[in-house]
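Below is one structure; the comments refer to it alone.
Computed from the coordinates by the stated procedures, all read-outs in this text should not be read as laboratory data. Note that the coordinates shown come from a computational prediction; the quantities given were computed from them, not determined experimentally. Using ideal geometry, Cβ is built from the backbone for each residue, glycine included, and neighbour counts are taken over all protein chains shown.
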Amino acid sequence: MPGGGHFWLGRRQKGTVFAITIPLMFVIGLALDGMLAPFDPSRPLVFLAAFADLGNGVPYLLASVAGLGEGQVVAPTWEHGNTFLIVSGLLNMLVCLDAFDVAIGRK
């Protein structure tokens, strides 16, 4: 859950912002006809995009099981949707690292 670590550490305001914005970015990416990148090691940038998408965690798994995130390459918003999906996953990873830094007293 995005922001869960911040809730656990008592930083409720930050946790609330992360819990709302990161899943919202993921949903907007799907709504803009974004595509969840396949894990294809022969194409390094696609592989990295898939790893970034996986950073969304449970929403990624739910969207994959539900068959969402197929993407429409001909849609004018396809690239924007991909960007939202990738950035939401990477942002979730950064939020996890921030919670870890707070927990060990580095921040």
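Condition check: at negative phi and in contact with a strand residue (DSSP E or B) (Cβ under 7 Å, 6 or more places away or on another chain). Does Met93 satisfy that?
no
With the structure loaded, tell me whether Phe7 is part of a helix (DSSP H, G or I), in contact with a Pro (Cβ under 6 Å, 6 or more places away or on another chain) and either of a type in the set (Asp, Glu) or surrounded by fewer than 20 Cβ atoms within 10 Å (Cβ to Cβ) (or both) or whether it fails that test.
Against the criterion (part of a helix (DSSP H, G or I), in contact with a Pro (Cβ under 6 Å, 6 or more places away or on another chain) and either of a type in the set (Asp, Glu) or surrounded by fewer than 20 Cβ atoms within 10 Å (Cβ to Cβ) (or both)), Phe7 does not qualify.
Just one of the numbered conditions (1) touching a Leu at 6+ places or on another chain (Cβ under 8 Å); (2) polar (S, T, N, Q); (3) surrounded by fewer than 20 Cβ atoms within 10 Å (Cβ to Cβ) is not true of Asn56; which one?
(3)
Give the residue, chosen from Ala19, Ala50, Ala63, Ala103, that is touching a residue at least 40 places away in the same chain (Cβ under 8 Å) and not polar (S, T, N, Q).
Every option except Ala103 fails the conditions.
Among (1) farther than 26 Å from Lys107 by Cα; (2) surrounded by 15 or more Cβ atoms within 10 Å (Cβ to Cβ); (3) basic (Lys, Arg), which single condition is Arg43 missing?
All conditions pass for Arg43, except number (2).
Being touching a residue at least 40 places away in the same chain (Cβ under 8 Å) and either surrounded by 13 or more Cβ atoms within 10 Å (Cβ to Cβ) or more than 11 Å from Met25 (Cβ to Cβ) (or both) is the requirement here; does Val95 meet it?
Values: touching a residue at least 40 places away in the same chain (Cβ under 8 Å): yes; either surrounded by 13 or more Cβ atoms within 10 Å (Cβ to Cβ) or more than 11 Å from Met25 (Cβ to Cβ) (or both): yes.
Judged against the criteria, Val95 is a match.
Search segment 26-35 for residues being buried (at least 21 other Cβ atoms within 10 Å of the Cβ) and either under 16 Å from Asn92 (Cα atoms) or of a type in the set (S, T, N, Q) (or both), and hand back the single one that is farthest from the chain's Cα centre (by Cα).
Gly29
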